[in-house]
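Taking it in order: structure first as structure tokens, then the write-up.
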Amino acid sequence: MHEGGWRAGVRGAVLAVVCVGCQGGGAVAIGPAGGLVASDDDTLTIVIWPGALGSYMDFEIRPSTMPPDSFGSAYFVRPNVELGVDAEIIYRGELPSKLSSAKIGAIHSADYASGKADWKAIPSEPGAVDEKEGTVRGHDDELAVYYTLLGEEADTVADTGEDTDPSATDSSGSDSADPTGPPLSYAADVQPLWDAHCLGTGCHEGATPAQSLDLSGDSYANVVGVPSTEASPNLVEAGDPDASYLVLKIEGDGSILGNRMPSVGEPLTEDELALVRNWVAQGAPP
């Protein structure tokens, strides 16, 4: 990744790039010196850094309604090439009210060709979402067929003048996290859930577990504070269930791409989901 792409001076760095065509619309020729290409409406901008390409190529971005639904508009990009230096992908527009869910989604050529045309969040860095500028940034080592903005709106509760019930069910169907409930531990309360629902299928166990996530044995160190391989949130962010990829994955949250976990067998019950949420809310103790 080009480190300059994530610093405050990124705009100046972009302007310093030798750019054959720095406007939106039409084909833009970009070569080894780098450049940028943008959509006509300036919603999607792709910065090709020096050294990313070995020869000149014509690049194009245009809106598309072909991919699956997403929070933001989708854009078709060509060509879909691997890069020597990660490109910076910038999406500008209306952001979801739940800023933590704002990610740039992509459908890469291999998935598109195989028919697995589901959005996947591309890597991003801390500070990738700028609410003031209305931008979300990510980086990609190959240019995808499609890019979009992923996100969801924050839940709102109408002011009825009545006290809210702290045990109310949230939009995912699981009980809201209760950090003041009975003390929980990973070994005694959470690991048995993985044993019952996730093991024995060859998915998250063995020499090559899915997404490199091994949930067998004492798997605490494999999940707490460990980045997800599919999206930027950690698998478990101690104290914050809504920022924990693993929690959202087992709940089937709409902001998480792919199938609900576990993909084979019975999903966790509402009580079991609430237990995992509460354990995370209590600081994810071992």
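Using the alpha-carbon centroid of each, what span in Å lies between the stretch 116-151 and the stretch 48-80?
The distance from the Cα centre of the stretch 116-151 to that of the stretch 48-80 comes to 12 Å.
Give me 249, 103 ranked fewest to most by other Cβ atoms within 10 Å of their Cβ, as a rough exposure proxy.
249, 103
How do 99, 143 rank when sorted from fewest to most other Cβ atoms within 10 Å of their own Cβ?
Ascending number of Cβ neighbours within 10 Å: 99, 143.
Test of understanding: ordering 66, 261 by Cβ neighbours within 10 Å, fewest first, what list do you get?
Working: 66 11, 261 24.
In increasing order of surrounding Cβ atoms, one gets 66, 261.
Give the residue list of chymotrypsin sites (Phe, Trp or Tyr not before Pro) in the stretch 40-74 that are DSSP loop and have at most 15 other beta-carbon atoms within 10 angstrom.
For chymotrypsin sites (Phe, Trp or Tyr not before Pro) across the stretch 40-74 that sit outside H, G, I, E and B with at most 15 neighbouring Cβ atoms in 10 Å, the list reads 56.
Every number here is computed from the coordinates shown, using simple stated rules; none is lab data. Computed from a predicted model, the values in this text were never measured in an experiment. FYI the Cβ positions are ideal-geometry reconstructions off the backbone, even for glycines, and counts take in every protein chain you see.
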